[in-house]
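A short worksheet on the structure shown next.
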Amino acid sequence: MSEEKIIDGKKISLMIKEEIKKDVLKLKEKGIIPTLAVVIVGENPASKVYVRNKKKGCEEVGINSLSYELKEETTEEELLNLVKELNEREDVNGILVQLPLPKHIDENKVILSINPEKDVDCFHPYNVGLVSTGNEGFLPCTPAGIIELIKRSGFEIAGKNCVVIGRSNIVGKPAAMLLLKENGTVTVCHSKTKNLSEICKTADIIVVATGKRNTLTPDMIKEGVIIIDVGMNRDENNKLCGDVDFNGCYPLAKAITPVPGGVGPMTIAMLLNNCIIKLRKFL
Ligand code: GUN
């Protein structure tokens, strides 16, 4: 397999983390210590891994992280009180509440309670609105990582037919907004889309974020397409795999992200970037 077709998210994320590290050092020289509060409620094993990796990322670039590991039985009121306290703390400039939350807690209410100025996930409707209107500010982490992967691999988005499969609030919808901001011609497909194959065949760039294995297969794509796989699934041998039939699509693609080592590391790099994005004005 020739390596140059594979978009190396690990390598690109390391480059971005090096850039962030330099900025964090400069901020610290000015007496500013970027600090992220990470909140997790309950014992979801996948969430625990994500949170561990986010904290590790902070450590790598010199961002201070505060950890709040709350019991499954935590009430909505207790969580909202913690968010309020973190909103008010001047030494905390980023707040991340890992999702999903236990069923007895209203996720929307929690997201709305986070000060939009500290919303490093870019989940608050105020920040979602800013992204939709093309303003500066926080960037949705996974979608921003996707844009960086494409651009830093030397590919143009402007004027290209971009197809996003999946319409989640975390990936599909904001990815469509960022591709649009880059002047792509964007089509969003989802589980009710009737002619998915036909639409995908028109695509120069395909972003797949459905959470389902083999969403994209070689019969659905044209030669020379760029494929970004956001999926994180397990195959029948319990091996990590994405939403794309990688081996099938690889020969046709101009470029393709692997799973693992594609989009995943970029999400964390962009989260770390959000932790200092509003502090860069002090540099
Ligand atoms: N759950 C799955 N992805 C994410 C994410 O990017 N941020 C948070 N807070 N929770 C998540």
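Mind checking the angle between helix 9-29 and the chain's longest principal axis? C-alpha axes, 0 to 90 degrees, to the nearest 10.
Taking Cα atoms only, the helix is inclined about 30 degrees.
List every residue whose amide H lies under 5 Å from the amide H of Ser65, counting only residues 5 or more places away in sequence or on a different chain, with H placed 1.01 Å from N in the peptide plane.
Sorted by chain and number, the residues that satisfy this are Leu36.
Anyone know which of Thr202, Thr210, Thr267 comes out most mobile in the 10 Å Cα GNM of the chain?
Checking each option, the largest mean-square fluctuation is seen for Thr202.
What ranking of Asp243, Asp204, Asp235 emerges when the number of other C-beta atoms within 10 Å of each C-beta is taken as an exposure proxy, fewest first?
By the 10 Å Cβ count, ascending: Asp235, Asp204, Asp243.
Where a ≥ b ≥ c are the square roots of the eigenvalues of the C-alpha gyration tensor, would you call the range 134-210 rounded, which needs a/c under 1.5, or, failing that, prolate if a/b is larger than b/c, or oblate?
Note, shape of the range 134-210 comes out oblate.
For the chain, with only Lys/Arg (+1) and Asp/Glu (-1) charged at the beta-carbon, what is the dipole magnitude about the Cα centre, in debye rounded to 20? Let's see the in-between values first.
Values: 38 positive and 38 negative charges, 109 e Å.
Rounded to the nearest 20 debye, it is 520 debye.
Please identify, among Asn64, Asn214, Asn238, the residue showing maximal mean-square fluctuation in a Gaussian network model of the chain using a 10 angstrom Cα cutoff.
Looking only at Asn64, Asn214, Asn238, the largest GNM fluctuation is found for Asn238.
Report the residues of the range 154-180 in range of a label on Lys194: point 7 Å along Cα→C-beta, backbone N strictly under 20 Å from it.
Backbone N within reach: 164-167.
Which length gain, in nm to one decimal place, applies between Tyr126 and Arg234 when the Cα-Cα distance is subtracted from 0.36 nm times their residue separation?
35.4 nm
Please turn the phi angles of the range 30-37 into ³J(HN,Hα) values with the Karplus equation 6.51 cos²θ - 1.76 cosθ + 1.60 (θ = phi - 60°), one per residue in order, whole Hz, x for glycine and proline.
Computed from phi, the couplings for the range 30-37 are 8, x, 9, 10, x, 9, 10, 9 Hz.
Rg and Dmax of the chain, using alpha carbons, in Å: what are they?
According to the Cα coordinates of the chain, Rg and Dmax are 19.0, 56 Å.
Can you count the Lys pairs in the range 105-251 whose Cα atoms are under 15 Å apart, with each pair 8 or more apart or on different chains?
Lysine pairs, 8 or more places apart or on different chains, close enough: 9.
Below 8 Å between Cα atoms, with a sequence gap of 6+, how large is the relative contact order for the range 201-241 in percent? Write down the numbers at each step before the final one.
On the way: 52 pairs, mean separation 18.3, N = 41.
That works out to 45 percent.
Using Cα positions and a limit of under 19 Å, work out the aspartates and glutamates in reach of Lys48, with same-chain residues fewer than 8 apart set aside.
Candidates past the 8-residue exclusion: Glu59, Glu60, Glu69, Glu72, Glu73, Glu107, Asp121.
At 0.36 nm per residue, minus the direct Cα-Cα distance, what do Ser168 and Leu25 gain on full extension? Give it in nm, one decimal, please.
Details: separation 143, 0.36 × 143 = 51.48 nm, distance 3.54 nm.
Between Ser168 and Leu25, full extension yields an extra 47.9 nm.
State, to one decimal in nm, how far the label point of Glu88 lies from the label point of Glu107, with both points 7 Å from Cα in the Cβ direction.
If labels sit at Glu88 and Glu107, their model points lie 2.9 nm apart.
So who's got an amide H within less than 5 Å of the one on Asn233, skipping anything under 5 residues away but keeping other chains? H placed 1.01 Å off N, in plane.
Residues meeting the amide H criterion: Cys241, Gly242.
List every residue whose amide H lies under 5 Å from the amide H of Val120, counting only residues 5 or more places away in sequence or on a different chain, with H placed 1.01 Å from N in the peptide plane.
Here the answer is Ile95, since their amide H atoms fall under 5 Å of that of Val120.
Below 10 angstrom from the Cβ of Met220, what's the summed charge of the other residues (Lys, Arg +1; Asp, Glu -1)? It would help to have the intermediate numbers written out before the result.
On the way: positive: Lys201, Lys222; negative: Glu198, Asp219, Asp245.
Computed value for this residue: -1.
A short reminder: the numbers here are calculations on the coordinates, not readings from a lab. This is a predicted model, so every value here is computed, not measured. Note that each Cβ is placed from the backbone with ideal geometry, even for glycine, and that neighbours are counted across all protein chains shown.
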